[in-house]
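What follows draws every value from the coordinates through simple rules; no lab data is involved. Just so you know, these numbers come straight off a predicted model, no measurement behind them.
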Amino acid sequence: MEYYAPVKRRELWRRLAERPRNVRFEEVDQLLRLSGWKLNHVRGSHYVYRSPEGRHFSIPRHGSPVKPAYVRTVLGYTMEPGDE
């Protein structure tokens, strides 16, 4: 399964970059997890993730879609060489 994860992550990253105004929370969650981020904790409606480097990122879950500003931030945090 790990063999396919980079391809799936890159494809998901590209789809989110093409339509940042129409992204579900589950898609953002999946991209963060495929990029090595772990869900640290949930406090109310805010989901706090932790990167492998120790960086924290909080994103609210208030229905769908996720605000484009959060999507752009996640895309920046999860960008790898070859993504664009």
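Considering the range 49-84, the residues that are outside any strand (DSSP E or B) and of a type in the set (Phe, Trp, Tyr) include one that is nearest to LEU16 (Cα to Cα), namely TYR70.
Residues in the range 26-61 that are under 13 Å from ARG72 (Cα atoms) and aromatic (Phe, Trp, Tyr): PHE57 only.
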